[in-house]
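The values are calculated or read from the model by the stated rules, or taken from the named source; none is laboratory data. The shown structure was predicted, so the numbers you read here are calculated from the model rather than taken from an experiment. Here the Cβ positions follow ideal geometry from the backbone for every residue, glycine too, while neighbour counts run over all protein chains shown. The protein model used for the area step is the full one, side chains on, heavy atoms only, and it has no ligands, DNA or RNA in it. Shrake-Rupley method; radii C 1.70, N 1.55, O 1.52, S 1.80 Å.
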Amino acid sequence: MILAEKIMKLRKAQGWSQEELAARLGVSRQSVSKWESMASMPDLDKILKMSELFGVSTDYLLKDNAAEEEGCAAPLLPEEGPAPRPISLEEANFYLELSERCHKFIALAVALFILSPVPLIAITGMAEYGRIALSEDVAAAIGLLLLFVIVAAGVAILLPSGIKLERYEFLEKEPIAPEYGVAGIVETKREAFAPIYHKGLVVGIVLCILSVVPLFFCMALEAELACVFAVCLLLALIAVGVYIIVRVTCPWESYEKLLEEGDYSREHKAENRRNDPFTGFYWCLITAIYLGSSFYTDHWARTWIIWPVAAVLFAALLALRRMLRPER
């Protein structure tokens, strides 16, 4: 076994991502990635530090034919949950290609959901201000019909992609063990995609921010019908911005899932497994409170405030659980 394989094996045995190992060694994540993909060799001082960090000798790290040392692959903490699932290069490439194809349709479906109220707003607005020869009730009925058609089209686009990706849901929940060379290839692809990801995020966020400008302009001019179309334009710009954001973030997350980094590190997966029972109970309870209070008060236009409050409270409770959880 060569040095690159040993570094990856020992890192995975500890349940660390490349970022976590890099932080412990005082180097960049790219350096660890290059060591594991054989693009470069670590300096001697880093080899000495890894020897101490992993609890193995430098002979074991440097000699290809060195015998396995006792405890060299033992994790510092006992593993929780299922054993790591092996991922071959063929499977990783197929997943990345499938993810790229499916997320185009997922992004389109999300954009359609955002655009769905546009016909309703535009038609009812024009009917209200006498720009089309329809009563407001008829205009509303036509607008609702178009809304449902657009939503149905979005669902029809979304469901097949979701079904195809369902077989890879384990990447979000279970630890994985990529075969030798997989991590290096995935990391290389992610680095090549990084400029597109960053540019797409910037463009998408800027479009969402600028979407309110036409509405403010029309409100300043006190042009009521123009405000109606400004709202439609606002939704259109947000739809385009969100489409771009989804198109770049979903592939980026696919790379992170295969590398077990970011929100998909083993630590996060283990924490999510621990939180699953609490999460299910919490949101069922919130739904029951929302429905009960809404039916009792009949103030559906006000009781929606329960959801943002519940979301903030949920994040606070998870943070509290982490604080109270004893260190092992």
What do you reckon, is Leu144 surrounded by fewer than 19 Cβ atoms within 10 Å (Cβ to Cβ), within 30 Å of Phe193 (Cβ to Cβ) and not polar (S, T, N, Q)? no
So which of Ile238, Ile185, Ile209 is within 24 Å of the chain's Cα centre (by Cα) and under 29 Å from Phe94 (Cα atoms)? Ile185
Just checking: which of the helices (runs of 4 or more DSSP H) contained wholly in the stretch 1-44 hold 2 or more residues that are of a type outside the set (Phe, Trp, Tyr), within 21 Å of Ala270 (Cα to Cα) and over 24 Å from the mean Cα position of the chain (by Cα)? 3-14
Taking into account only those residues within the stretch 257-271 that are among the acidic types (Asp, Glu) and part of a helix (DSSP H, G or I), which is nearest to the chain's Cα centre (by Cα)? Asp263
State which residue pairs qualify: first residue of a type in the set (S, T, N, Q) and inside the stretch 94-111, second residue part of a helix (DSSP H, G or I) in any location, beta carbons under 6 Å apart, and separation of 6 or more residues or different chains. Ser99/Ser254
Any residue in the stretch 247-264 that is open to solvent by less than 30 Å² (accessible area, probe 1.4 Å), of a type in the set (A, V, I, L, M, F, W, C) and touching a Cys at 6+ places or on another chain (Cβ under 8 Å)? no
Within the stretch 166-220, of all residues that are among the basic types (Lys, Arg) and more than 19 Å from Ala4 (Cα to Cα), the one least open to solvent (accessible area, probe 1.4 Å) is Arg190
Whether any residue in the stretch 255-278 is of a type in the set (Phe, Trp, Tyr), more than 16 Å from Phe170 (Cβ to Cβ) and out of contact with any Lys or Arg (no Cβ under 6 Å at 6 or more places or on another chain) is what I want to check. yes
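One line per residue, one yes/no per condition, for (1) at pLDDT 85 or above; (2) on the phi > 0 side of the Ramachandran plot; (3) in contact with a helix residue (DSSP H, G or I) (Cβ under 6 Å, 6 or more places away or on another chain); (4) assigned to a helix (DSSP H, G or I):
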position	(1), (2), (3), (4)
Arg273	no, no, no, yes
Gly280	yes, no, no, yes
Ala288	yes, no, no, yes
Ser293	yes, no, yes, yes
Ala301	no, no, no, yes
Val309	yes, no, no, yes
Ala319	no, no, no, yes
How many of the residues making up the stretch 41-67 are without any contact (Cβ under 8 Å) to a residue 12 or more places away in the chain, open to solvent by 40 Å² or more (accessible area, probe 1.4 Å) and touching a helix residue (DSSP H, G or I) at 6+ places or on another chain (Cβ under 6 Å)? 1
